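Q: Quick one: this structure, given as structure tokens, is what I'll be asking you about.
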Amino acid sequence: MNPDAMAARRALIRAYRAYLQAEDDLEHALEHAAAVMPELRQHGLRPIGSPGSRIRRLTDVRSHSVEVLDVMRDKHRRAVMRVSSSSHMTTQAPEPPKALR
């Protein structure tokens, strides 16, 4: 595999693990909050917390991890496409530029 694609894959895996950890941390905090405030569980609300609270911080960390995961997914997809297009181009005759077709 191409070194760029391998690096993109490692970054994607790292971002996915960070997302899973952030999601797990937030879920545990919300379960704890629901144990303290049972009405949260009844309404199915997902609080974001007040500024500076633990729930807000965990919500922000999770949101950031989702954004990073999206970026890494796109970078990995582009790296794989680059590798496949370069291997595809070496096996076929090059196509003329658009202006010459």
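Just so it is clear, none of the values below were taken in a lab; they were calculated from the coordinates. No experiment lies behind these values; they were computed from the predicted model shown.
Q: What list of ³J(HN,Hα) couplings, whole Hz, do you get for segment 3-11 from phi and the Karplus terms 6.51, -1.76, 1.60, once you set θ to phi - 60° and write x for glycine and proline?
A: Along segment 3-11, the couplings run x, 5, 5, 5, 5, 5, 5, 4, 5 Hz.
Q: If you plug each phi of segment 49-62 into the Karplus form 6.51 cos²θ - 1.76 cosθ + 1.60 with θ = phi - 60°, what whole-Hz ³J(HN,Hα) values come out, in order, with x for Gly and Pro?
A: Karplus-based 3J(HN,Hα) across segment 49-62 equals x, 7, x, x, 7, 5, 4, 4, 4, 5, 5, 5, 5, 5 Hz.
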